[in-house]
Amino acid sequence: MQTALAALISAALASTHSTALTAADADGTWLQLTPSGTFSGRNGQGPWVTGDKASMEQIVANTRQYAGSTDLAIDYDHQTVFGAIPGVGGTAKAAGWVKELQARDDGIWGRVEWTAAAAIAIKRKEYRYLSPVFFHEKTTGRVLAIRMAGLTNTPNLDLVAVAASALFPLNNNPTGDSMDKILAALGLAKGTTEDSIVAAINTMQTSSKAIAIAAGLAESANQSEILTAVNSIVADRTKLATAAGLAADAKADEIVTAVQSAIAGKVDPTKFVPIAMVTELQGDLKKLREDLTSDKATEAVNSAIEAGKIAPAQKEWALGYAKADLKAFDTFVGNAPVLTTSQIREGKRPAGENADLSDSDLAVCTAMGLDPKKFAETLKLNKETV
């Protein structure tokens, strides 16, 4: 984009003369577009040469050949020119049209018809000058043709180039150096037609808008804003590439791959294990704890039976108690009296007796000195209440 812009600037398309407008001119009139002879811009640019009346007649003829069947446009603030440059933006809305051209002794004149909006702006003194844009030879300053004009309040500006020799194919540049540079900057071959050049410039303008959006800017961002944003992105990418051990101009995909590899390479496999392995270990640990609890519970119950603190008939109940809360079971056993031989025997249910009680229930009654019949009634009552 920058190379193309530099090449366009070098083609030297300029606005060189201004004509003050009055309210009467808003209705349309003949206005001077260029002076005759040799002249310079108010800002010191030039000199440019229109020559004598015969030379100006040739300029008028060249202009008619260039314009063809169309009128010369008058825009606002030269936005037609700016609109042809990628990244700058602008609008080609017309303020008026040059309907006729005449070569007079004092210069080239044009008959202007304004649009309604422009006529109002001139009457209100919102715009005061008419500033022409013309093609000229870069080395001699000889004016070749009138390109257009702009309704402006800042006349006589040095404007950006619009590929003059391509838009107006005159045989006045023997070397064609400027045109060759422009074509090269646009990636076009020598001899490319005007339509192809315009299409290439329009494509670049579209690309400029896309770049602006990609850089996080508004589509209407100007060239300076786009350049600043892109330079910032490029600088950041360069830093990333260098940090990843790549060349400064490494591609984005290469940078991403390098960064991912670097992150992966810093993971210490001795400090991290796969999640599946962690889950499996957690399951194994849980089972191991359950097994240990079961073994300890069985050992505690067997010890309690051997110590005569629990009747053999209580074993099932005791195991459940010990597995659920081994500490509480140990406290129970520690506080329980040693059963007598008769108590241990009584813990076994006689046939047909206390049918509602399990062996464990009966053993509890025996160990705690409870009446099995009343205990059975209590259990039954509790069940009915629930």
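The values are calculated or read from the model by the stated rules, or taken from the named source; none is laboratory data. Predicted, not measured: the structure shown is a model, and the values here were computed from it. No Cβ is skipped: glycine too gets one built from the backbone with ideal geometry, and neighbour counts run over all protein chains shown. Note: areas computed on protein heavy atoms with side chains; ligands, DNA, RNA excluded. Shrake-Rupley method; radii C 1.70, N 1.55, O 1.52, S 1.80 Å.
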Open item on the list: Suppose we filter region 226-271 for residues that are at pLDDT 75 or above, open to solvent by 50 Å² or more (accessible area, probe 1.4 Å) and assigned to a loop (DSSP other than H, G, I, E, B); how many remain?
Closed with: 6
Open item on the list: Name the residue that is farthest from ALA92 (Cα to Cα), counting only residues in region 59-72 that are without any contact (Cβ under 8 Å) to a residue 24 or more places away in the chain and either surrounded by 16 or more Cβ atoms within 10 Å (Cβ to Cβ) or hydroxyl-bearing (Ser, Thr, Tyr) (or both).
Closed with: SER69
Task: Filter result (among the basic types (Lys, Arg) and without any contact (Cβ under 8 Å) to a residue 60 or more places away in the chain) within region 37-58 - done: LYS53
- [ ] Go through region 284-339 and give me each residue that's part of a loop (DSSP other than H, G, I, E, B) and modelled with pLDDT under 85.
- [x] ALA307, GLY308, LYS309, ILE310, ALA311, ALA336, PRO337, VAL338, LEU339
TODO: Test each condition in (1) in contact (Cβ under 8 Å) with a residue 12 or more places away in the chain; (2) open to solvent by 90 Å² or more (accessible area, probe 1.4 Å) for ALA304 and report the one that comes out false.
DONE: (2)
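Here is a check on your reading of the model: is ASP295 open to solvent by 70 Å² or more (accessible area, probe 1.4 Å) and touching a residue at least 24 places away in the same chain (Cβ under 8 Å)?
no
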TODO: Scan region 93-150 for residues that are over 17 Å from TYR66 (Cα atoms), open to solvent by less than 10 Å² (accessible area, probe 1.4 Å) and either of a type in the set (A, V, I, L, M, F, W, C) or not in a loop (DSSP other than H, G, I, E, B) (or both) and jot them down.
DONE: ALA95, GLY96, GLY107, VAL112, ALA118, ALA121, ILE122, LEU130, SER131, GLY150
